[in-house]
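First the structure, in the form of structure tokens, and then the observations on it.
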Amino acid sequence: LFGFEMSGPDMALVGQKAENLFVGVNTGIMDQFVSRNGKKDHALFLDCRSLEYRQLPLDCSRYKVVVCNTMKRRGLVDSEYGARRAQCEEAVAVLRKHRPEVRALRDATLDMINEYRGELTEKQYMRARHVITENNRGLEAIRVLNAGDFEGFGRLMDQSHDSARDDYEVSCPELEAMVKAAREAPGSLSGRLAGAGFGGCAVSLVEASRVKEFGEYVTAAYSRAVGPVPEIWVLSAEDGAGPVSPAEL
């Protein structure tokens, strides 16, 4: 806009700062990063410490990403998002007394939190276990996507939701009803909450040829269980935001 020379990662950092300092939400960098640095027909793996990233194949001609809106509004500022982050930081402080190399939970292991479990509250232990296992799932996702193993990726998505529900405790009845419907729907490989939880959307990986059946099933099942008619969006991985010439408008 102003002729600044700014890399994709730097632009994502500016977006994160705007949310942190202006909006007042202590968010991470993922949403901003993929919005700027995404690539068509690829998932993006991001190291949030170094901001190194790689593109992983996601063939959207075979499988679609389907987002299902529970219609339950959520506000990150008013939710317990900040409490979860604080509990993770408290767990790091406990571990760091014994293992100075632990700067964040990405540096910790399940063996570590089990060894020092007596010094962690139950909530701190649960939050740490979720983050550690979630990071492990992220690393495993590199392997399964590079191998074209969509079923394996779907299983990782399911495990991610179950951990977010049980250990991170960020689900809610509406999300559980949506995820149940999504997992049972024709053509579905997965169902998990999207984003910070406490409402909002669920996301599934669905066979491209069965997207219509999936949507009809989820709409009927969720409406029966909860009441509202959900919004359903069929998506594919596209290039991130970038310059647009007048000719493209």
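Entry remark, the stretch 177-195: residues being closer than 30 Å to residue 29 by Cβ and surrounded by fewer than 20 Cβ atoms within 10 Å (Cβ to Cβ) number 4 in total. In the stretch 215-232, how many are in contact with a strand residue (DSSP E or B) (Cβ under 6 Å, 6 or more places away or on another chain) and either surrounded by 13 or more Cβ atoms within 10 Å (Cβ to Cβ) or modelled with pLDDT under 95 (or both)? Matching residues across the stretch 215-232 total 4. Please work out if residue 109 is under 29 Å from residue 152 (Cα atoms) and either touching a strand residue (DSSP E or B) at 6+ places or on another chain (Cβ under 6 Å) or surrounded by fewer than 20 Cβ atoms within 10 Å (Cβ to Cβ) (or both). When the stated conditions are applied, residue 109 passes them.
Going by what's in this entry, would residue 217 be described as touching a residue at least 24 places away in the same chain (Cβ under 8 Å), aromatic (Phe, Trp, Tyr) and farther than 23 Å from residue 63 by Cα? It is false that residue 217 is touching a residue at least 24 places away in the same chain (Cβ under 8 Å), aromatic (Phe, Trp, Tyr) and farther than 23 Å from residue 63 by Cα.
Residues satisfying the criterion are present in the stretch 172-182 (criterion: at pLDDT below 95 and not in a helix (DSSP H, G or I)).
Just for the stretch 42-93: of the residues that are among the hydrophobic types (A, V, I, L, M, F, W, C), in contact with a Pro (Cβ under 8 Å, 6 or more places away or on another chain) and closer than 27 Å to residue 222 by Cα, which one is surrounded by the fewest Cβ atoms within 10 Å (Cβ to Cβ)? Per the stated criteria, the residue is 71.
Within the stretch 150-168, the presence of at least one residue that is of a type outside the set (Ser, Thr, Tyr) and outside any helix (DSSP H, G or I) is confirmed. Taken as a whole, the structure places residue 160 among residues that are closer than 25 Å to residue 124 by Cβ and among the small types (Gly, Ala, Ser). Could you pull out the residue among 44, 51 that is over 23 Å from residue 198 (Cα atoms), part of a strand (DSSP E or B), of a type in the set (A, V, I, L, M) and in contact (Cβ under 8 Å) with a residue 12 or more places away in the chain? Criteria check complete, one pass: 44. Taking the stretch 106-145 as the range and being in a loop (DSSP other than H, G, I, E, B), free of Cβ contacts under 8 Å to residues at least 24 places away in the same chain and under 30 Å from residue 42 (Cβ atoms) as the test, only 109 passes. Here residue 10 meets the list (1) more than 29 Å from residue 176 (Cβ to Cβ); (2) buried (at least 18 other Cβ atoms within 10 Å of the Cβ); (3) out of contact with any strand residue (DSSP E or B) (no Cβ under 6 Å at 6 or more places or on another chain) almost entirely, failing just condition (2). Might you check whether a residue that is free of Cβ contacts under 8 Å to residues at least 12 places away in the same chain and not in a loop (DSSP other than H, G, I, E, B) occurs anywhere in the stretch 34-41? So far as the stretch 34-41 goes, no, none of its residues is free of Cβ contacts under 8 Å to residues at least 12 places away in the same chain and not in a loop (DSSP other than H, G, I, E, B).
The condition (being modelled with pLDDT under 95, under 19 Å from the mean Cα position of the chain (by Cα) and of a type outside the set (Ser, Thr, Tyr)) is satisfied by just one residue among 51, 105, 44, 56: 51.
The values are calculated or read from the model by the stated rules, or taken from the named source; none is laboratory data. Bear in mind that the values here come from a model prediction, so they are computed numbers and not experimental data. Reconstructed Cβ throughout: ideal geometry from the backbone, glycine too, with neighbour counts over all protein chains shown.
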